[in-house]
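Q: Have a look at this one.
The values are calculated or read from the model by the stated rules, or taken from the named source; none is laboratory data. This is a predicted model, so every value here is computed, not measured. Reconstructed Cβ throughout: ideal geometry from the backbone, glycine too, with neighbour counts over all protein chains shown. Heavy atoms of the whole protein, side chains included, go into the accessibility calculation; ligands, DNA and RNA do not. Shrake-Rupley method; radii C 1.70, N 1.55, O 1.52, S 1.80 Å.
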Amino acid sequence: MTRFDYCEPTTLDEAVALLDAGGGRAVVLAGGTDLLVQIRERVRRPAQVVNIKKILGLDTFEFDAAEGLTIGALATTRALETSDTVRRHYAGLHAAVVHFASIQVRHRATVVGNVCRASPSADTLPPLVADAATVRILGPDGARTVAVEEFCTGPGRTVLRDGELVTHLHVPAPAPRTGKVYLKHGRRVEMELATVGVAVSLTLDAAGALADARIALAAVAPTPLRARSAEAALREAVGARGGRLGAAALDAAAEAAMAESRPIADVRASADYRREMVGVLVRRALERAAQLAEEPTP
Ligand SMILES: Cc1cc2nc3c(=O)[nH]c(=O)nc-3n(C[C@H](O)[C@H](O)[C@H](O)COP(=O)(O)OP(=O)(O)OC[C@H]3O[C@@H](n4cnc5c(N)ncnc54)[C@H](O)[C@@H]3O)c2cc1C
């Protein structure tokens, strides 16, 4: 294992000062389920590891019916998995943390760490993009907020600058009659990265017509992908039918999502298979989200 300096700041300001002093060679340690593997495999060689676990108040998440969900930098995937609030109001995000690694990993892995790792197949990113979540960043120049959709710039790369860390995520409160879905497709259910992931957040108006839909894809581009062409195709097809979803609208969205995905071939699947699965899963996720939107919140 590469040698590195190790520190445990107890405040956010101290953490930022340490990261800033480290220039690009200081890294944040949260659950360590990605970082320690990368250091051990010499994929990353930090000069300094800044463990943020001693900073109080980061391990919580809070829900307010008007404001939405705030997820602290140390809130674990297991904590969200076992939350009734997350299950009821953020079903896509909840599905992502249920079908995630193993229970041992979920007890350590943080949601923010999953976001900051910026893997194209990260499970929490598609539902967070579909839910219009934002990332709160703190650095030497103060705080700033970035949409999750714009946070990842490439595999393992983010908009974070030297000296910056993420303090929390914010997910807006869901509008009434909203259905949220995340479908993870892989060879196994547990201990498997997504071959393709699709998240949908879909809102109906009081008359049952489509009011809004956001679609996000995992593992079919260098970053999680907001499927804007699919959203536009859905709106157009639904508009022609007085706002009602139907087979033609689902097909139009699925086709557009397949066309805008940019999958690669790797050990998990060929590019063609991934593209086909985007079509299948987008159709299925939209259908399921529309059903959920029509049901009263449990
Ligand atoms: C066996 C195994 C199975 C896995 N299965 C899955 C899976 O099914 N789905 C999936 O998506 N992932 C999976 N992972 C990956 C991993 O568990 C997740 O990405 C995890 O959520 C990372 O969180 P962490 O707290 O462990 O982050 P860490 O490893 O501590 O950090 C990850 C990265 O984010 C940075 N970072 C962390 N917190 C912050 C912050 N607050 N501000 C700025 N940068 C920060 C770190 O510097 C590092 O670069 C798996 C990993 C293992 C080992």
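Q: Roughly to the nearest percent, how much of the accessible area of the range 58-136 is carbon and sulfur, given a 1.4 Å probe? Walk me through the numbers on the way to the answer.
A: Values: 1340 of 2770 Å².
Here carbon and sulfur together make up 48 percent of the probe-accessible area.
Q: Where does each of 71, 103, 264 land when they are ordered by accessible area, with a 1.4 Å probe and the largest first?
A: Working: 71 0, 103 75, 264 110 Å².
My answer, sorted largest first, is 264, 103, 71.
Q: In Å, what is the Rg of the alpha-carbon atoms in the range 106-157, and how long is Dmax?
A: Answer for the range 106-157, Rg first and Dmax second: 11.3, 33 Å.
Q: For a protection proxy built on the mean count of beta-carbon atoms within 10 angstrom, sort 126-132, 223-229 highest first, please.
A: On the way: 126-132: 28.1, 223-229: 23.3.
In descending order of packing, they fall as 126-132, 223-229.
Q: Restricting to DSSP H runs of at least four residues, report the calculated mean residue ellipticity at 222 nm for the chain, -39500 (n - 2.57) per run over all residues, nearest 500 deg cm²/dmol.
A: Working: 12 runs with 108 residues, N = 298.
Result for the chain, helices only: -10000 deg cm²/dmol.
Q: Counting only DSSP beta bridges with both residues in the range 1-99, tell me the antiparallel percent, nearest 5. Before the final figure, lay out each step's value.
A: Working: 4 of 11 bridges.
That works out to approximately 35 percent antiparallel.
Q: Same structure again: So how strong a dipole does the chain carry about its Cα centre when Lys and Arg Cβ are +1 and Asp and Glu Cβ are -1, to the nearest 20 debye? Show your work: numbers first, answer last.
A: Values: 36 positive and 35 negative charges, 164 e Å.
For the chain, the charge dipole is close to 780 debye.
Q: Shifting gears a bit: In Å², what does the accessible area per residue of the chain work out to with a 1.4 Å probe? Kindly include the intermediate steps, with their values, before the conclusion.
A: On the way: 13620 Å² over 298 residues.
Dividing the accessible area of the chain by its residue count gives 46 Å².
Q: Order the following by accessible area, largest value first: 190, 149. Probe radius 1.4 Å; ligands, DNA and RNA are ignored.
A: On the way: 190 85, 149 50 Å².
Reading off the accessible areas and sorting them downward yields 190, 149.
Q: Taking every pair of alpha-carbon atoms in the range 166-222, give the share separated by more than 19 Å as a whole percent. Intermediate values should be presented prior to the final figure.
A: Working: 771 of 1596 pairs.
More than 19 Å apart: 48 percent of the Cα pairs in the range 166-222.
Q: Residue 174: net charge of surrounding residues, Cβ under 10 Å, Lys/Arg +1, Asp/Glu -1, itself excluded? Don't jump to the answer; show the numbers that get you there.
A: On the way: positive: 88, 177, 180; negative: 131.
Summing Lys and Arg as +1 and Asp and Glu as -1 gives +2.
Q: Another question about this same structure. Ignoring ligands, DNA and RNA, what percent of the accessible area of the range 197-298 is carbon or sulfur (1.4 Å)? Don't jump to the answer; show the numbers that get you there.
A: Working: 2380 of 4620 Å².
Of all accessible area on the range 197-298, carbon and sulfur atoms account for 52 percent.
Q: To the nearest 10 Å², what's residue 168's accessible area with a 1.4 Å probe?
A: 60 Å²
Q: Which of the DSSP-defined H helices in the chain satisfy a minimum axial length of 30 Å, computed from C-alpha atoms, and a minimum mean Kyte-Doolittle hydropathy of -1.0?
A: TM-like helix candidates: 271-294.
Q: Hey, another quick one. Students sometimes get this wrong: rank 43, 198 by accessible area, probe 1.4 Å, all chains present, largest first. All intermediate terms of the calculation are to be shown ahead of the outcome.
A: Numbers: 43 100, 198 0 Å².
Of 43, 198, the descending order of accessible area is 43, 198.
Q: Restricting things to alpha carbons, find the Rg to Rh ratio for the chain using the Kirkwood radius for Rh. If you can, show how the numbers build up before the last one.
A: Numbers: Rg = 19.3 Å, Rh = 19.6 Å.
Ratio value, two decimals: 0.99.
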